[in-house]
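The values are calculated or read from the model by the stated rules, or taken from the named source; none is laboratory data. Just so it is clear, the structure is predicted and the values come from calculations on it, not from any experiment. All Cβ positions, glycine included, derive from the backbone under ideal geometry; neighbour counts span all protein chains shown. In case anyone asks, the SASA skips ligands and DNA or RNA and just uses the protein heavy atoms, side chains included. Shrake-Rupley method; radii C 1.70, N 1.55, O 1.52, S 1.80 Å.
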Amino acid sequence: MIFSKQMKELKEKAWPFWLTMLANLGINTTKNALAKRLPDDSPEEILTVNLASVMLAIVKFMSDEITDNAKQVREGLLKWLNEFMTPFLFNLFQPAVDKIKQAYNRAMIQYLKDTTEQISFLLTDAIAPNDEQISAYLDSEFRKPETKDLVINQFAAGNLENSGLDSDLVAFLTEALGIGWDALLGNSANVLSVITVQEHDNVKIVNLTMKNGTTATLTLSKAA
């Protein structure tokens, strides 16, 4: 009876070991077989090797002495997403960004790519809550003068000019966009000091004091 009990305990202890060994063997064999068939340093090979490492880590979590396997696996996967998968995916996207011809469009898409990547890092790091991190990050980005310059003076102005609009109209629109940007940041008093609206008969006249001290005027006809 005692012998049977000892054998049962031995089997219970040995079984996780054998499962772990078989899983490691299977994963490593599959990884090596696939890696041999894929071009060296190709995205496919890099992903295959890295996925194998993640799977091996999960097997280790499931067979160690820590009982909260779900928490270990969740934290391990988040770390993998943060440290490998997010940079890997966004690096795959980079060549497409580099091929954009217009410099102002390329700069804007590059910024959006980098911003989205940073948000992905915030979503997968160990710090919580995520919404507060992301809100603080976006607010910080929005308040940077270089962000405003990129969005308005490069991206918006570049596309407006490329569309064939008159240069004075482009200057007016970009100036107005800049004022609107400042208003969203809480500088509403500045908006009221540089822009006025008048109405005469069936037209609305918008006067905008430009940075160079001149006044630009935009006349809008009222809808019939």
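Observations on the structure shown:
- Across the range 107-125, not a single residue is classified as without any contact (Cβ under 8 Å) to a residue 60 or more places away in the chain and over 16 Å from the mean Cα position of the chain (by Cα).
- Restricting the range 87-135 to residues that are of a type in the set (Gly, Ala, Ser) and closer than 20 Å to residue 150 by Cβ, the residue that is least open to solvent (accessible area, probe 1.4 Å): 107
- Residues within the range 166-197 that are at pLDDT 65 or above, of a type outside the set (A, V, I, L, M) and either closer than 17 Å to residue 153 by Cβ or out of contact with any strand residue (DSSP E or B) (no Cβ under 6 Å at 6 or more places or on another chain) (or both), tallied: 11
- Filter result for residue 93 (at pLDDT 85 or above, on the phi < 0 side of the Ramachandran plot and of a type in the set (Phe, Trp, Tyr)): yes
- Whenever a residue of the range 137-161 is under 14 Å from residue 184 (Cβ atoms) and in contact (Cβ under 8 Å) with a residue 12 or more places away in the chain, its partners that are open to solvent by 60 Å² or more (accessible area, probe 1.4 Å) and of a type outside the set (Phe, Trp, Tyr), lying with C-beta atoms within less than 6 angstrom and at least six residues away or across chains, give the pairs 152/177.
- Number of positions in the range 142-153 that are in a helix (DSSP H, G or I) and loosely packed, with under 14 Cβ neighbours inside 10 Å: 4
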